[in-house]
Amino acid sequence: MAELAPIIQLGNPTLRQKAAWVENIQDEHIQQLIDDLITTVVKANGVGIAAPQVAESYRLLIVASRPNARYPYAPEMEPKAMINPQIIAHSTEVVKGWEGCLSVPGIRGFIPRYQTIEVEYTDRNGQLQTQEFTDFVARIFQHEYDHLDGIVFVDRLENTLDMMTEQEYQKRIVNNA
Ligand code: ZN
């Protein structure tokens with residue numbers, strides 16, 4: 001059965017580590033971790049989560065875009081586990097958009113990301129997959145992928161003026177969209 005995993009927050013050194021390659025995807029611990037991450041991200045109103053955020057330093061992330069209270073305009077998709085992911089190509093276009101992070105509660109940042117990326121990853125059944133993502137889903141992937149290298153979204157702020165509290169973000173950005 002999937003369980004809720006406690007999410008670690010900025011300041012915890014595990015968030016700053018480079019995560020380890022997953023050697024055996026069929027390993028019971030990894031499969032359980034995937035189930036727990038999916039349960040946790042849905043429950044927390046997240047659109048993505050990376051294994052290091054629950055103190056499991058593996059190259060494993062979940063993209064789970066769907067409209068929710070924190071991201072009312074997110075596109076709907078089935079939660080997908082991506083293991084040992086890599087960005088194999090990207091657009092030259094970079095777009096800025098608002099991000100938050102379950103490990104940095106209460107803070108939003110206007111962060112530049114590639115508009116389109118081509119990624120390669122292994123799915124939970126061990127199949128190698130190639131996929132293209134654009135706009136918001138590309139943004140989620142890049143944010144979660146950063147967690148695997150110990151990078152947090154605030155590291156990518158171009159200017160501290162691009163930060164807001166969650167409360168001001170809800171008032172100024174979400175309600176004016
Ligand atoms: Zn995050």
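Once the piece of chain linking M1 and H29 is laid out straight, how much longer is it, given 0.36 nm per residue of separation minus the C-alpha distance between them?
Working: separation 28, 0.36 × 28 = 10.08 nm, distance 1.23 nm.
In short, 8.9 nm is gained.
Find the percent of Cα-Cα distances in the chain that exceed 27 Å, and round it to a whole number.
Numbers: 3178 of 15576 pairs.
In whole percent, the long-distance tail amounts to 20.
Among residues other than E132 whose Cβ falls under 13 Å from its Cβ, what is the net charge (Lys/Arg +1, Asp/Glu -1)?
On the way: positive: none; negative: E118, E120, D135.
With Lys, Arg at +1 and Asp, Glu at -1, the neighbours total -3.
Using the Cβ atoms and a cut-off under 14 Å, what net charge is assigned to the surroundings of I111, where Lys and Arg are +1 and Asp and Glu are -1? Don't skip to the answer; put the middle values down first.
Numbers: positive: K96, R108, R113, R139, R156; negative: E99, D135, E144, D146, D155, E158, D162.
Cβ neighbours under 14 Å give a net charge of -2.
Expressed as an acute angle from 0 to 90° and rounded to the nearest 10, what is the orientation of the C-alpha long axis of helix 28-43 relative to the principal long axis of the chain?
Compared with the principal axis, the helix lies near 20 degrees.
Once both axes come from the Cα atoms, what is the angle between helix 135-148 and the longest principal axis of the chain, in degrees from 0 to 90, rounded to 10?
60 degrees
For a quick protection proxy, order the peptides 87-95, 32-40 by their average other-Cβ count within 10 Å, most packed first. Numbers along the way, then the final one.
On the way: 87-95: 12.3, 32-40: 19.0.
Put in order of decreasing packing, that is 32-40, 87-95.
Would you work out the charge dipole size for region 13-174 about its Cα centre, treating the Cβ of every Lys and Arg as +1 and the Cβ of every Asp and Glu as -1, and quote it to the nearest 20 debye?
Details: 15 positive and 23 negative charges, 111 e Å.
For this selection, approximately 540 debye.
When the chain is fully extended, how far beyond the present Cα-Cα distance does E166 get from N125, taking 0.36 nm per residue of separation? Write down the numbers at each step before the final one.
Details: separation 41, 0.36 × 41 = 14.76 nm, distance 3.70 nm.
Going from the current span to full extension adds 11.1 nm.
Show that you can apply the helix-only estimate: for the chain, add -39,500 (n - 2.57) for every DSSP H stretch of four or more residues, divide by all residues, and state [θ] at 222 nm to the nearest 500.
Result for the chain: -6000 deg cm²/dmol, rounded to the nearest 500.
Please give me the summed charge of the neighbours of G46: other residues whose Cβ is under 14 Å from its Cβ, Lys and Arg +1, Asp and Glu -1. Each step should come with its number before you reach the end.
On the way: positive: K43, R66, R70, K80, R108, R139; negative: D36, E99, E144, E166.
Around G46, the charge tally is +2.
Which of I173, I62, I8 has the fewest other C-beta atoms within 10 Å, and how do the rest follow up to the most? Kindly include the intermediate steps, with their values, before the conclusion.
Details: I173 13, I62 23, I8 17.
Listing I173, I62, I8 from fewest to most nearby Cβ atoms yields I173, I8, I62.
Check I107: other-chain or 5+ apart residues with amide H under 5 Å from its amide H, H built from backbone geometry?
Here the answer is C101, E166, since their amide H atoms fall under 5 Å of that of I107.
Where a number appears in this text, it was derived from the coordinates with a stated rule and is not lab data. Everything numeric here is computed off the predicted structure, so don't read it as measured data. Cβ: placed from backbone, ideal geometry, glycine included. Neighbour counts: every protein chain shown.
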